[in-house]
Amino acid sequence: MAGNREGDGINTRLAHIGNDPHEYHGFVNPPVVHASTVLFPDAATMRSRNQRYTYGTRGTPTTEALAQAMDELEGSAGTVIVPSGLAAVCVPLFAFLSAGDHALIVDSVYYPTRNFADTMLKRLGVEIEYYDPLIGEGISKLLKPNTKVVFTESPGSNTFEIQDIPAIAQSAHAAGAVVMMDNTWATPLFFKPLDYGVDISIHAATKYPAGHSDVLLGTVSANESCWKRLFDTFSTLGACAGPDDVYQVLRGLRTMGVRLGHHQQSALEIARWLEGQSGIAQVLHPALESHPGHALWKRDFSGSSGVFSFVLDSGEREAHAFLDALEIFGLGYSWGGFESLAVHVSLDDRTMEPSYSGPVIRLQIGLEDLKDLKADITRGLVAAGVQSA
Ligand SMILES: *Cc1c(COP(=O)(O)O)cnc(C)c1O
């Protein structure tokens, strides 16, 4: 496969990973296989199930193409494709936690991950403890004999704290725990968790891989030691994704490098520009030199994506005036699509509530022209009364 050529650049690899066209009559893209039943040639093969595909829930040429592409990007032993990013969080937690176990979850985690842990996992008898995203190797003090999972997400959702992933992974492994990371922000293009000691890398493929705000999908990629258990749990749950959505994400991957490059550049330029604007208390973007996690980000990450936050130097009323005045930025959840979005972030769920001097607003910088986006933000700041027209 062309995608496996040693030394090829990332965009070359994205253009060719996953399926081999010559395995399917030379067509560049893999078939979108709609399948439950797969036929066996004879009773003996049916009995032994000794053939490449056996049933739709367990994999098709379509899901396999995306899974292989993710394995190539993540350096993983295997990847399961699930119907949403949230399912990609829940399936590995189900796989590695049982009643009586203890799990450590970063306090800056994506809220629905916390909700799953606090409701479902607690009900099933798992003890949940949240830790400071800046804890680093200090996590060893929180590890107990029954700690089975350390869940990380870096940068943190909405507030963008950078975690010291290698230090956390080392401590967790010394205590026998599995390390999981929600790597949605960086994508495997800007951070490769398994190279830094993480066992299981999770993506909301809904975001940059899909790229167009029209598909929900998740991927979970595991190293050799965790792969079998992850796949067994995935199969047990029957949490497979629909073929059209899987195909759309593979299609999105082909252009992800080009899109991300644009998101990265525009977001950085707007973040730098915002730092110099009146009415802005702080810009929370790890690629800015002013960010407290900048050195760690620079050590481990090879780029930054298009989502960051800023702190408005005022109150809630001004934050709403800012958001209501935006004409290009839409008010909506999720990110990774072509269009710019803004959200007034809630930090009420945090157990260690970070202290910011004003409302935190998260921006997803889309593919629109920079001058238009800046003008839109200026419109918001003027409406908020923190800048004069
Ligand atoms: C969006 C998101 C998810 C969930 O993805 P969905 O496909 O929307 O369920 C998980 N983790 C992070 C960090 C996200 O931003």
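For region 189-274, what is the charge dipole size about the Cα centre, in debye to the nearest 20, if Lys and Arg each add +1 at the Cβ and Asp and Glu each add -1 at the Cβ?
Numbers: 8 positive and 8 negative charges, 40 e Å.
With only Lys, Arg, Asp and Glu charged at Cβ, the dipole is about 200 debye.
Any chance you could run the full-extension gain for Asp369 through Asp8? It's 0.36 nm times the residue separation minus the Cα-Cα distance, nm to one decimal. Walk me through the intermediate numbers first.
Working: separation 361, 0.36 × 361 = 129.96 nm, distance 3.04 nm.
Fully extending the segment from Asp369 to Asp8 adds 126.9 nm.
Rounded to the nearest 500, the helix-only mean residue ellipticity at 222 nm of the chain stands at -11000 deg cm²/dmol, with each DSSP H run of n ≥ 4 adding -39,500 (n - 2.57). Within the shell of other residues whose beta carbon sits under 14 angstrom from the beta carbon of Gly176, the net charge comes to 0, with Lys and Arg scored +1 and Asp and Glu -1. The packing ranking, built from the mean of other Cβ atoms within 10 Å per residue, places the peptides 14-25, 193-204 in the order 193-204, 14-25, highest first.
Helix 61-74 against the longest principal axis of the chain: what's the angle in degrees, Cα atoms only, rounded to the nearest 10? Long axis of 61-74 versus the principal axis of the chain: about 60 degrees.
Once you list every other residue whose beta carbon is under 12 Å from the beta carbon of Arg229, what net charge do they have if Lys and Arg are +1 and Asp and Glu are -1?
Values: positive: Lys148, Lys228; negative: Asp199, Glu224, Asp232.
In short, -1.
Estimated from the Cβ-Cβ distance and a Förster radius of 25 angstrom, the FRET efficiency linking Thr236 and Tyr111 is about 0.40.
With all protein chains in place and a 1.4 Å probe, the accessible surface of the chain carries 51 percent carbon and sulfur.
The residues of region 256-383 present an accessible area of 43 Å² per residue when probed at 1.4 Å with all protein chains retained.
Output the antiparallel fraction of DSSP beta bridges having both residues in the chain, as a percent to the nearest 5. Show your work: numbers first, answer last.
Details: 24 of 43 bridges.
Counting DSSP beta bridges with both partners in the chain, the antiparallel share is about 55 percent.
Against the chain, whose longest principal axis is taken from its Cα atoms, helix 85-96 shows a tilt of about 60°. Once the other residues with Cβ under 11 Å from the Cβ of Val126 are scored (Lys, Arg +1; Asp, Glu -1), what is the net sum? That works out to -1.
A dipole drawn for the chain from +1 and -1 charges on Cβ atoms has a positive end, and of Pro243, Tyr196, Phe40 the residue lying farthest that way is Phe40.
Going by average Cβ density within 10 Å per residue, which order do the peptides 27-37, 44-54, 90-100 take, highest to lowest?
Values: 27-37: 13.5, 44-54: 11.3, 90-100: 19.5.
Highest to lowest by the protection proxy: 90-100, 27-37, 44-54.
May I ask which residue of Phe310, Ala287, Ile365 lies farthest towards the positive end of the charge dipole of region 256-383, with charges of +1 (Lys, Arg) and -1 (Asp, Glu) on Cβ and the Cα centre as origin? Selected residue: Ala287. Think of a 1.4 Å ball rolled over the protein heavy atoms: region 10-252 then has 41 Å² of accessible area per residue.
Please give the helix 243-275 orientation as an angle from the longest Cα principal axis of the chain, in degrees from 0 to 90, rounded to the nearest 10. Value to nearest ten degrees: 20. Label zone of Asp244 (point 7 Å out along Cα→Cβ, amide N under 15 Å): in region 205-230 this covers 214-217.
Peptide packing for 300-306, 314-320 was compared via the average number of neighbouring C-beta atoms within 10 Å per residue; ordered from the highest value, the list is 300-306, 314-320.
FRET efficiency for His22 and Gln51, Cβ-Cβ distance as r, R0 = 35 Å, nearest 0.05?
So the FRET efficiency works out to roughly 0.95.
Would you list Glu224, Glu129 from the most to the least accessible area, probe 1.4 Å?
Per-residue accessible area, sorted high to low, gives Glu224, Glu129.
Taking the Cα centre of region 295-389 as reference, the dipole from Cβ charges on Lys and Arg (+1) and Asp and Glu (-1) amounts to some 320 debye.
The values are calculated or read from the model by the stated rules, or taken from the named source; none is laboratory data. Quick caveat, the model's predicted, so the values are computed rather than measured. Cβ: placed from backbone, ideal geometry, glycine included. Neighbour counts: every protein chain shown. Accessible surface areas use protein heavy atoms only, side chains included; no ligands, DNA or RNA. Shrake-Rupley method; radii C 1.70, N 1.55, O 1.52, S 1.80 Å.
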